[in-house]
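No value in this document is a laboratory result; all are computed from the given coordinates. This one's a predicted model, so the numbers in the text were calculated from it and none came from an experiment. Methodologically, a virtual Cβ is constructed for each residue, glycine included, from the backbone with ideal geometry; neighbour enumeration extends over all protein chains shown.
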């Protein structure tokens, strides 16, 4: 993390979209580096060492997915993808290639800023940083492998726990079906989406107040899942807004 | 006429002659030969009415032959003593040709009229599309141009609240317009078959929760009740498309019913299909054919109160049909409307059980 003001790399070919992104991000306290093309971005990502990158998927010169692969070869920086509704497939490819989250165009900047904050918190936390999560009345201690709800112990099966832990590793961000399936069940099961449907229901039944209207184990239709939970302890006060 | 159609016609000609012969046998003891000839004439008329000229001629020839051989003495031979039966034959042939000719013309005219109707329906949709674009897109464009130019020209002299209100209206109009354009494009893609249906196992409650989340603002004024059994089977669908279909039904319900009323989402397993319903307690559906509600640019009764693209239900129907399902509307007794669609339930693959603790 360089200094107090995080450095954002904006990869977007449309000058009008760059303009409003620059205006908002600067107003929200970010330093902004702009790249109008994919090749330029691949270089800028190396020289400016941004804390986070926003990548438009519809770049003229270099496929956004390809750019993400290149960045991922050497950097774990969070990457947020901007995608149009017609780019569903490449959005999932981008996430599988290592992007951390996405915002669909047209978007309200508030949504983008919220995603940025989550992504930066994630980067700051580093691998395996947090361990105590709160989901309404349920708390999850990932290290101790202990789950309670309203004070009572809740038993999670090994697979349920692995699934929850896998989502917790990307807390607040989307995790694709393929990522979850390969991490929890192994690469031979990367297409067995029905496993996820069944186990996610079990997890919700155990952890959500209203499993039919979940507030923590969120479905990203056609893409994957997102765990929304509060962290306890570690990072209080570090992220002001 | 197609060859296969022709063969059906000739088959029918033979069958009709056979039937007339049986009927003739049945009535001969008590009726004149002339009446038997009438039965054959009826057979010829029926064949000529239903089929083309060829079968009509066959029916005439076969009828006269059968009549002559089986009924006109001496039976069992073709010897025509009586010239009047030649006349019977001529009349049958003439009637057959005349009616098949008439029917031919009627059929041709019907086909032309159908083609004209299709053309005028296309024209209606084209003009509705233009009206939709010019009204539904130009109004928000005017708001956006006006509000943003006001901000650019005299933003500094406005209060923060005024600036905010203008900026918000630009955003809201742009968002609605973007939805609108997306609908028009989606409809076009569904119609041209440009959408490749990628299916995967999905849980309906997840789709419902996701769409309610997405439409939270638009449904804020209504009370949404869920009636989803906990043991619904998985369905193999394109979840994003089904979410859109369901979302369109929910938006439709919200648009046509008063604030504060209940909108209910329910699902039931019936035999090998899942029936998903969106039920409201609003003013109900207009009189007439409910199927028309699903036509493109078919605004409901309360158009002025609602807005909407006129594509929501059409898109919903196209998506459900793409999945091999059926969608329909029902009037709910005591007021209100129900929109329901079906999804096939296929046997889901096994999920290996976890060893117990």
FRET efficiency (residue B:131, residue B:65; Cβ distance; R0 56 Å; to 0.05) is 0.30
Quick one: length gained pulling residue B:142 to residue B:91 fully straight, 0.36 nm per residue minus the C-alpha distance?
10.9 nm
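Normalising by the residue count of the stretch B:34-145, find the relative contact order in percent from Cα pairs under 8 Å and 6+ residues apart. Provide the component values of the computation, followed by the final result.
Working: 75 pairs, mean separation 32.0, N = 112.
So the answer I get is 29 percent.
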Once the Cβ-Cβ distance between residue B:121 and residue B:98 is put in as r, and R0 is 60 Å, what FRET efficiency do you end up with, to the nearest 0.05?
0.95
Please determine, in degrees from 0 to 90 and to the nearest 10, the orientation of helix A:158-169 with respect to the longest principal axis defined by the Cα atoms of chain A, where the helix direction is its Cα long axis.
30
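If you count, for every residue in B:198-207, the Cβ atoms of partner chains within 10 Å of its Cβ, what is the mean?
Mean shielding by partner chains, rounded to a whole number: 6.
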What do you get for the angle between helix B:160-192 and the principal long axis of chain B? Use alpha-carbon atoms, 0 to 90 degrees, nearest ten.
20
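Taking the mean number of other Cβ atoms within 10 Å as a proxy for protection, how do you rank B:314-320, B:186-192, A:73-79 from highest to lowest? Intermediate results must be reported in sequence, preceding the final value.
Working: B:314-320: 23.4, B:186-192: 14.9, A:73-79: 16.7.
Descending packing order for the listed peptides: B:314-320, A:73-79, B:186-192.
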List the relative contact order of chain A as a percent without decimals, with contacts defined as Cα pairs under 8 Å and 6+ residues apart.
14
Measure nothing but the geometry: give the 0 to 90° angle between the long axis through the Cα atoms of B:239-256 and the longest principal axis through the Cα atoms of chain B, rounded to 10°.
80
How high is the relative contact order of chain B, in percent, counting Cα pairs under 8 Å that sit 6 or more residues apart?
12
Simple label model, 7 Å out from Cα along Cβ direction - residue A:144 to residue B:108, nm
9.1
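Using the Kirkwood radius built from alpha carbon pairs, what does the Stokes-Einstein equation give as D for the stretch A:95-195 at 10 °C and 1.306 mPa s, in µm² per second?
Rounded to a whole number, D works out at 104 µm²/s.
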Under a GNM of chain A (C-alpha, springs under 10 Å), which listed residue has the highest mean-square fluctuation: A:213, A:87, A:179?
A:213
Just the number, please: percent antiparallel of the DSSP beta bridges in the protein assembly as shown, rounded to the nearest 5.
65
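Just to verify a number: FRET efficiency for residue A:137 and residue A:108, C-beta to C-beta distance, R0 = 22 Å, to 0.05? Show your work: numbers first, answer last.
Details: r = 31 Å, r/R0 = 1.40.
About 0.10, to the nearest 0.05.
When the helix-only estimate is applied to chain B (DSSP H runs of n ≥ 4, each -39,500 (n - 2.57), divided by the residue count), what is the mean residue ellipticity at 222 nm, nearest 500 deg cm²/dmol?
Numbers: 9 runs with 210 residues, N = 357.
Calculated mean residue ellipticity at 222 nm is -20500 deg cm²/dmol.
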Largest fluctuation, B:245, B:26, B:12 only, Gaussian network model of chain B with Cα springs under 10 angstrom, belongs to B:26
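I'd like the mean, over residues of A:192-200, of how many other protein chain beta carbons sit within 10 Å of each residue's own Cβ.
Details: counts 5, 7, 10, 5, 6, 12, 5, 2, 2.
Across the residues of A:192-200, the mean count of other-chain Cβ atoms within 10 Å is 6.
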